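A quick write-up on the structure given underneath.
The values are calculated or read from the model by the stated rules, or taken from the named source; none is laboratory data. Quick caveat: nothing in here was measured; it's all calculated off a predicted structure. Here the Cβ positions follow ideal geometry from the backbone for every residue, glycine too, while neighbour counts run over all protein chains shown.
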Amino acid sequence: MQIIYKKSFENQLLHIIDYISKDKISASINFANELEKLISLIPDNPFKYKQSIYFNNKNIRDMQYKGYTINYKVNFEKDLIEVIRIFNRNKPPLA
């Protein structure tokens, strides 16, 4: 399965990395690298994470990572994992 990143995810991740880098640049780099590794493992077991509580779709999952929720969609027809968004799990997004 191929992994694609939605623009919303990329923009949200950039904001998070920028915020973390204000405290410690190496921490922001580690955050991004570790997250990328975890996401790269999703195709091995796409339903490892629970069904999303933010979407009414069994193919959209919620992955937890260091206080953040990453929503991704499993699309078997297109053989894709679509990474949709990332947000602080204590502050769900409005849309």
Within the range 15-23, can one find any residue that is surrounded by 11 or more Cβ atoms within 10 Å (Cβ to Cβ), among the small types (Gly, Ala, Ser) and closer than 26 Å to residue 75 by Cα?
-> no
Among the residues of the range 40-63 satisfying the criterion of being closer than 12 Å to residue 85 by Cβ and of a type in the set (A, V, I, L, M, F, W, C), which is farthest from the chain's Cα centre (by Cα)?
-> 55
Can you name every residue in the range 51-95 that is surrounded by fewer than 16 Cβ atoms within 10 Å (Cβ to Cβ), within 23 Å of residue 16 (Cα to Cα), out of contact with any Leu (no Cβ under 9 Å at 6 or more places or on another chain) and modelled with pLDDT of 95 or more?
-> 64
Going through the range 6-39 in order, the residues found to be in a helix (DSSP H, G or I) and in contact with a strand residue (DSSP E or B) (Cβ under 7 Å, 6 or more places away or on another chain) are 8, 9, 12, 13, 16, 35, 38, 39
